[in-house]
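What follows is one structure encoded as structure tokens, with my remarks underneath.
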Amino acid sequence: MFGPLCSGHLAQAAAHLAEYGRRVVIVTGFFIPAGDPPSAETDGPPGALLLAQTLLALGIDCRILTDPFCFGAVVAAAKGCGFPTERLVQSPQPCAAGAANNAAASWRSEFLRNEARESLSHLVAIERVGPSHTAESLSRQRRTGEIPLQRFIDRVPPEHRDCCHNMRGENIDQFAGDLHRLFEEISEVQPGVKTIGIGDGANEIGMGAVPWEDLERRLSGEQSARVPCRIAADWNIVAGTSNWGGYALAAAVALLRGQVSALAPFDSRQQQAVIEAMVAHGPAVDGVTKRREPSVDGLPFLTYIQPWEAIRAKLGL
């Protein structure tokens, strides 16, 4: 039986955000190339938007960043909940060519410098894929035992190292972009910025905070060693779906700020409208079924929304 991962990280992230949050950038969007049609998935943007709307209501400036593959779905979801579309940012899509990648690197550098000038305090990722481990990244992780280097070498072929994977262990670099690099580069631009990762499947930004072997043994299948992401965050929030992690962080920050009423508009009906708008106009697909339907990770909406309804009930909403 496995214990919880990253115990206490939600509380710590919420406390820091509640006390020191000034300007927040939330990175989201996970593209499903095998979807019908190929689209962003329904997990990620709804949680990002609810968190962003809550932060704005609490007086914390916030923007949402995604890539060209996922931008249409994020725009549709934003319109579905009344989030200002001028607060959505689309990154350029890096290509294989060196010149294009140099342009993407320049864009990232300029973006981070601009955000630093605007007093960026937190960089958050919600259901955003990041690259797998390398032998070097394994050596940088904190762990209580020995580095399982030989097991890693045996189980992860060189062509599957430092690559973004889906849960089947398939390389999806072509559709993943490079927004994970913001989490590596932010310390060089503004060392004081704190990072938060929210994920549910081990392949998301933030999961590098968990030792590779702890994630590998919790996953099933031959591909399990390839999936864990190497990008760490100061705090990593693990949830059943990433949207739930976004909901929980929003609720915790509002509670700590003494402004639970900021969450009042975001009831189950509002969340259903967000997901339906995302699916209809994005388009977007369920990341598990890969179908264009208003469900999340294979859960029908009435099942999916129950944790959020329970949180709201606990808060008296």
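Restricting attention to the range 114-149, the residues that are among the charged types (D, E, K, R), within 29 Å of Gln223 (Cα to Cα) and not in a loop (DSSP other than H, G, I, E, B) add up to 2.
Looking only at the range 196-211, decide whether some residue is of a type in the set (Asp, Glu) and in contact (Cβ under 8 Å) with a residue 12 or more places away in the chain. Yes, the range 196-211 contains at least one residue that is of a type in the set (Asp, Glu) and in contact (Cβ under 8 Å) with a residue 12 or more places away in the chain.
Filter the range 279-317 for residues that are assigned to a loop (DSSP other than H, G, I, E, B), in contact (Cβ under 8 Å) with a residue 24 or more places away in the chain and among the small types (Gly, Ala, Ser); which is nearest to Arg168 (Cα to Cα)? This residue is Gly287.
Annotation note: Cβ proximity below 6 Å between a residue of the range 66-79 that is under 14 Å from His281 (Cβ atoms) and a residue that is among the polar types (S, T, N, Q) and open to solvent by less than 10 Å² (accessible area, probe 1.4 Å) (sequence gap 6+ or interchain) occurs for Val74/Thr66. The sole residue among Phe152, Phe111 that is under 24 Å from the mean Cα position of the chain (by Cα) and either assigned to a loop (DSSP other than H, G, I, E, B) or surrounded by 15 or more Cβ atoms within 10 Å (Cβ to Cβ) (or both) is Phe111.
Each row is one residue, and each column tells you yes or no for (1) on the phi > 0 side of the Ramachandran plot; (2) not in a helix (DSSP H, G or I); (3) not aromatic (Phe, Trp, Tyr).
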position: Gly169; (1), (2), (3): yes, yes, yes
position: Phe175; (1), (2), (3): no, no, no
position: Glu184; (1), (2), (3): no, no, yes
position: Gly192; (1), (2), (3): no, yes, yes
position: Gly197; (1), (2), (3): no, yes, yes
position: Ala209; (1), (2), (3): no, yes, yes
position: Leu215; (1), (2), (3): no, no, yes
position: Leu219; (1), (2), (3): no, yes, yes
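Pairing residues of the range 127-143 that are within 16 Å of Ala202 (Cβ to Cβ) and at pLDDT 95 or above with residues that are among the acidic types (Asp, Glu) and open to solvent by less than 30 Å² (accessible area, probe 1.4 Å), at Cβ distances under 8 Å and at least 6 apart in sequence or on separate chains, gives Glu127/Glu41; Glu127/Asp43; Glu127/Glu204; Arg128/Glu204; Val129/Glu204; Gly130/Glu204. Residue pairs whose Cβ atoms lie under 6 Å apart, sitting 6 or more positions apart in sequence or on different chains, and linking a residue in the range 12-23 that is within 14 Å of Val124 (Cβ to Cβ) to a partner that is surrounded by fewer than 15 Cβ atoms within 10 Å (Cβ to Cβ), are Arg22/Ser119; Arg23/Glu118; Arg23/Ser119.
One residue stands out in the range 195-234 among those that are open to solvent by 40 Å² or more (accessible area, probe 1.4 Å) and in contact with a helix residue (DSSP H, G or I) (Cβ under 6 Å, 6 or more places away or on another chain): the one that is farthest from Gly47 (Cα to Cα), namely Arg226.
The set of residues in the range 262-277 that are touching a residue at least 24 places away in the same chain (Cβ under 8 Å) and either in contact with a Lys or Arg (Cβ under 6 Å, 6 or more places away or on another chain) or assigned to a helix (DSSP H, G or I) (or both) comprises Ala262, Leu263, Ser268, Gln270, Gln271, Gln272, Ala273, Val274, Ile275, Glu276, Ala277. The single condition among (1) touching a Leu at 6+ places or on another chain (Cβ under 9 Å); (2) closer than 25 Å to Val74 by Cα that Ser139 does not meet is (2).
The values are calculated or read from the model by the stated rules, or taken from the named source; none is laboratory data. Just so you know, these numbers come straight off a predicted model, no measurement behind them. Glycine also receives a Cβ, built like all others from the backbone with ideal geometry; neighbour counts cover every protein chain displayed. Side chains are part of the model used for accessible areas, which takes the heavy atoms of the whole protein and leaves out ligands, DNA and RNA. Shrake-Rupley method; radii C 1.70, N 1.55, O 1.52, S 1.80 Å.
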